[in-house]
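Taken together, the values in this text are just the output of simple stated rules run on the coordinates, not laboratory data. In this text the structure is predicted, and so the values were computed from the model without any measurement. In this analysis, Cβ positions are derived from the backbone assuming ideal geometry, glycine residues included, and neighbour counts consider all displayed protein chains.
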Amino acid sequence: MALVPMKQLLDYAEKNNIAVGAFSVGNMEMVMGAVAAAEELNMPIILQIAECRLKNSPLELMGPMMVSAAKNSKVDIAVHLDHGLKVETVQKALELGFTSVMFDGSTLPLEENIRTVKQVRQMADKYGATVEAELGVVGGNEGDGAAHEIQCTNPDDAKLFCDETGVDALAVAIGNAHGNYPVLPSLRYDVLDDINKIVDTPLVLHGGTGISDEMFQQTIMLGVRKINIATASFDNLAKHALEYCKPLEKANYFELSHAEVVGVYENVKRHIKVFSFME
Ligand code: 13P
């Protein structure tokens with residue numbers, strides 16, 4: 001199997017009425033854990049990293065590792081830049097071999113979001129790469145900085161946006177938020193349904209951490225084809241690392257590294273199963 005354009009995995013998800021999991025990674029152990037889970041279940045995944053994480057996990061180090069992991073995998077994997085904020089970062093990711101890029105212009109005025117995404121579309125086309133964009137505002141925040149207030153995607157704007165930009169995937173805001181939810185969110189299935197009825201573009205659900213299995217599956221039945229999971233993997237990695245270290249006076253680096261891999265593997269495996277209706 002191979003490194004593939006994300007569009008190929010979105011088409012696969014559409015054909016099979018499932019969603020492909022897009023798992024955020026920040027180090028080698030996270031990449032290894034995610035790939036091991038996908039290979040065990042024989043399911044494709046998306047490996048992604050958000051621009052705001054690059055200060056901890058530099059793109060020029062993470063990029064080649066993610067691309068190489070995909071090329072050497074037994075399953076199909078797309079490598080995606082999540083929440084690209086600068087056009088230059090998008091260009092850098094494309095040069096490193098990412099097969100998909102997101103430009104997040106969700107906080108920009110609609111016209112400016114459209115204009116910039118069109119530019120990103122042209123850049124990505126030179127590499128045969130997939131383009132994701134966001135309309136409406138997903139709550140919380142990826143990384144530090146002020147939390148965004150949720151603004152649900154307007155279905156008519158979504159139609160106009162997809163027609164104008166030709167994006168391959170549209171991230172929608174339906175009451176979802178990045179990070180851990182204080183209480184189970186109420187997702188606006190009515191808004192999702194309205195968008196799905198008039199927009200042909202595959203839809204993306206951000207802020208997957210903490211959404212229940214039933215809610216995930218409900219969104220998939222309403223057209224969601226990619227689901228992003230970040231915090232749950234970071235948290236489960238930290239939990240396993242802590243459990244490993246806690247009883248010890250002296251930790252072993254190699255065992256610690258293994259605990260990190262297992263933390264991510266567990267979380268990714270659980271989500272792939274839910275997103276593909278294996279359970
Ligand atoms: P969570 O951190 O809530 O899982 O969100 C992930 C995400 O949407 C990344 O773009």
Legend entry - Gained length - residue 72 relative to residue 108, 0.36 nm times residue gap less alpha-carbon distance: 9.1 nm
Legend entry - For the stretch 181-279, the fraction of alpha-carbon pairs in successive 10 Å shells from zero, as %: 14, 37, 26, 15, 6, 2
Inset, instruction - Calculate the spin-label point distance for residue 115 paired with residue 197, positioning each point 7 Å from the Cα along the beta-carbon direction, and give it in nanometres. - result: 3.4
Legend entry - Centroid-to-centroid separation of the stretch 111-167 and the stretch 23-100 [C-alpha atoms, Å]: 20
Inset, instruction - Quote the charge dipole size of the stretch 1-96 about the Cα centre in Debye, to the nearest 20; the model charges only the Cβ of Lys and Arg (+1) and of Asp and Glu (-1). - result: 100
Inset, instruction - Please identify which residues in the stretch 88-110 have an amide N closer than 17 Å to a label point set 7 Å out from the Cα of residue 61, following the Cα→Cβ vector. - result: none
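So for 100, 276, fewest C-beta neighbours within 10 Å to most, what's the order?
Lowest to highest Cβ neighbour count: 276, 100.
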Inset, instruction - Show that you can apply the helix-only estimate: for the chain, add -39,500 (n - 2.57) for every DSSP H stretch of four or more residues, divide by all residues, and state [θ] at 222 nm to the nearest 500. - result: -15000 deg cm²/dmol
Legend entry - Inter-label distance for residue 41 and residue 163, nm, one decimal - labels placed 7 Å from Cα along Cα-to-Cβ: 3.7
Inset, instruction - Please report 132, 249, 14, 95 as a ranked list, fewest other C-beta atoms within 10 angstrom at the top and most at the bottom. - result: 249, 95, 14, 132
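Sort 225, 270 so the one with the fewest other Cβ atoms within 10 Å of its own Cβ comes first.
Listing 225, 270 from fewest to most nearby Cβ atoms yields 270, 225.
List the pairs from 7/269; 92/197; 74/197; 55/226; 92/239; 15/239 whose alpha-carbon separation is above 28 Å, in the order I gave them.
92/197; 74/197; 92/239; 15/239
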Inset, instruction - Report Rg/Rh for the stretch 47-127, rounded to two decimals, where Rg is the Cα radius of gyration and Rh the Kirkwood radius. - result: 0.99
Inset, instruction - Using every Cα-Cα pair within the chain, state what percent have a distance larger than 35 Å. - result: 11
Legend entry - residue 190-residue 214 pseudo-label distance in nm [points 7 Å out on the Cα-to-Cβ vector]: 2.0
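Can you tell me the relative contact order of the chain? Whole percent, Cα pairs under 8 Å, sequence separation 6 or more.
Reported relative contact order: 21 percent.
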Legend entry - Dipole magnitude (debye, nearest 20) for the chain, charges at Cβ of Lys, Arg, Asp, Glu: 520
Legend entry - Lys, Arg +1 and Asp, Glu -1 on Cβ, resulting dipole of the stretch 95-163 about Cα centre, debye, nearest 20: 280
